[in-house]
Structures are given as C-alpha cells and as structure tokens.
Amino acid sequence: MRQWLIEGKEIGSQYVPAEPRRAPHGTTGTRLGRRPGESLEFEDYRDYQPGDDLRKLDWSVYARSDSLVVRVFREEVVPHLDIVLDVSASMAVRSEKHAAAVMTTGLFAGAADAGGFSTRAWSIGDTCREIVGSSSYVSGWQLEAFDGRGDSGDVFVSETPRMQPRGIRVMISDLMFAADPEVVTTVLSRGSSYASIVQILDHDDRTPPQHGTVKLIDSETLAPYEVYIDDFTRQRYIQRLEQHVRGWEVACERRGISFTTLAAEDVLDSNLDDLVSRRILRAP
C-alpha cells in the first residue's frame, strides 16, 4: 500500500486542489480570509475593549482624537485538505480496486503538497481514526488493513473526525453502504470551505456476472448467497446501482459538494480527466 501511495503522490503532484467558482474568495487557496485575524493585512479600526492586545492600539489616532482604537487585520487562512478514506472490506475485494483507492488517496496528498496545503487523512471502517503520519510525507503514512465490516457512512456520522474548519475535504469510497447520503453529505460539508466525494468502482462493481447460477459472498458480513443471473437480474442490478449513485449526486448538489465516480482502471492508467472536469483538481 505504501508503494501505491507514493505512485499516487507522484501523479497528484502535477495538480493542485481546485477552488470551485462558487467558493468564497480567500477561504482556501489564498492566505487571507474575510474575517478579522492575525495576518499582516490591515482591515479596519474598532474601539478598544478591555482585554485587547495593547500592541494593537493605534497611538497616532489617540493623539489626534483622544480615542482608543485598535487595528484589526484580516484573518490568515492556511490552506488545508482533510482526506477521508473508506477502509471497509468492499474497497479491497479485488486488487485493482484496492490499488486505485490507495493511489487516489496518494494523489490528493500530492496535489495538496503541490498547492501548499497542509494535509491530514482519516480512515473509516469499523471506527474512524486519523491515519498515523498523514500530516507528513506519504512514505510515512501507516494505512491500516481494508477490513472494515460495518457501515462506513454510519461510522463517519457517529464518529465524525475533527476536520479543520474552513478547509477543503474529500471522501474516497465506493459508497457501497446503506447510510443516508443526505446525512453523510451534511456532516462532510459542515464547517468546510468546500468538499468533494470521489466514488471508486471497478469493472465488476459496474457489470454483474453473465448468465448462470453464481455464489456470492458479502465481503463485509461474509454471508453467502446463491443468485441466478439472467437478463432481468442484470438489468435490475444496473438500474439499482444507477439509482444509488444518483441519490448521492442529488445529495451532493444540495450541499455544493463536487461528486464524481472514477473507474478503478482509469486511476491505474493515470487518467484523471473526470477529477479535472469536475473542478476537483486542476493544473497549477
């Protein structure tokens, strides 16, 4: 997994996180925000209040008007990216999908580094925890096994990570869980500058087996099922998947979240056109 992370980081270093046109100026990629803060950019004056830093008093104004006022500066915003990675067992049921998920994580870390963003990554599986080493170079990240058995969406909602306010966020998942997209997207977007969801699906996720009786094993509950596949069953699966994805698209649209579905095979071929066209990444 470390090698996949490094490969993804090298690809991602050719891009930077994109700031959507609708994002408020000064909240992400620039260093100055709209609120009062501690930067060197002068904003305004306001009346002195007990407890204010005396070093901010403007004595020249006091000399002219006998009024105590303090200088207010624009808030300094350090660009930050929080990456939320689904480590449930379905994300690693096949090696191509597993590799694509880890590489996508690495490429966002690489893009963040190229854009001057600080980074922190979180895993969601049976629990939600910070990935050890994720604030440093990806070669030091300690990814856990992709073996979560629970509903990653419910875990994310109940154990919401302490993501940085006004930063940007990206969730990487196959979204193969039952949690309500409306709830998950509300939690993901709350307090952020903007957020993105990147769904990773491989060929077998998108295309059910051919005709015949097949034995299926749920990758997370390990429950076995025997299913007869015919044209009706195949079409019903494809329609259900399309409805599921559409539900996530609608929930994301309502909250201003960028959404895209990536084919695992495209990630392995370094084809990131969808991430660029959706303004999730851009060339520096």
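Below are the figures for this structure:
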| read-out | value |
| --- | --- |
| Leu188, sole failed condition from (1) of a type outside the set (S, T, N, Q); (2) more than 18 Å from Leu81 (Cβ to Cβ); (3) part of a helix (DSSP H, G or I) | (2) |
| Residue check, Val93 modelled with pLDDT of 85 or more, in contact with a Leu (Cβ under 8 Å, 6 or more places away or on another chain) and within 16 Å of Glu144 (Cα to Cα) | no |
| Count of residues meeting criterion [in a strand (DSSP E or B) and either touching a Phe, Trp or Tyr at 6+ places or on another chain (Cβ under 7 Å) or not hydroxyl-bearing (Ser, Thr, Tyr) (or both)] in the range 159-183 | 5 |
| Among the residues listed as Thr186, Thr221, the single one being at pLDDT below 90, surrounded by fewer than 22 Cβ atoms within 10 Å (Cβ to Cβ), over 18 Å from Glu242 (Cα atoms) and out of contact with any Phe, Trp or Tyr (no Cβ under 9 Å at 6 or more places or on another chain) | Thr221 |
| Every residue from the range 240-278 that is of a type in the set (Phe, Trp, Tyr) and closer than 19 Å to Ser90 by Cα | Trp248 |
| Subset of the range 238-270 that is in contact with a Ser or Thr (Cβ under 9 Å, 6 or more places away or on another chain) and of a type in the set (Val, Ile, Thr) - its residue that is farthest from Phe177 (Cα to Cα) | Val267 |
| Cβ-Cβ under 7 Å pairs, at least 6 apart or on other chains, the range 163-176 side closer than 17 Å to Ser135 by Cα and in contact (Cβ under 8 Å) with a residue 40 or more places away in the chain, far side among the charged types (D, E, K, R) and buried (at least 21 other Cβ atoms within 10 Å of the Cβ) | Met163/Asp82; Met163/Arg169; Gln164/Asp82; Gly167/Asp82; Arg169/Asp82 |
| Residues of the range 213-266 satisfying the condition of being closer than 29 Å to Leu281 by Cβ and either among the charged types (D, E, K, R) or not assigned by TED's automatic domain parsing to the domain that holds Gln199 (or both) | Glu242, Arg246, Glu249, Glu253, Arg254, Arg255, Glu265, Asp266 |
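The values are calculated or read from the model by the stated rules, or taken from the named source; none is laboratory data. If you're wondering where the values come from, they're calculated on a predicted model, not measured in any experiment. When we count neighbours, we look across all protein chains shown, and the Cβ atoms used for this are built from the backbone with ideal geometry, even at glycine.
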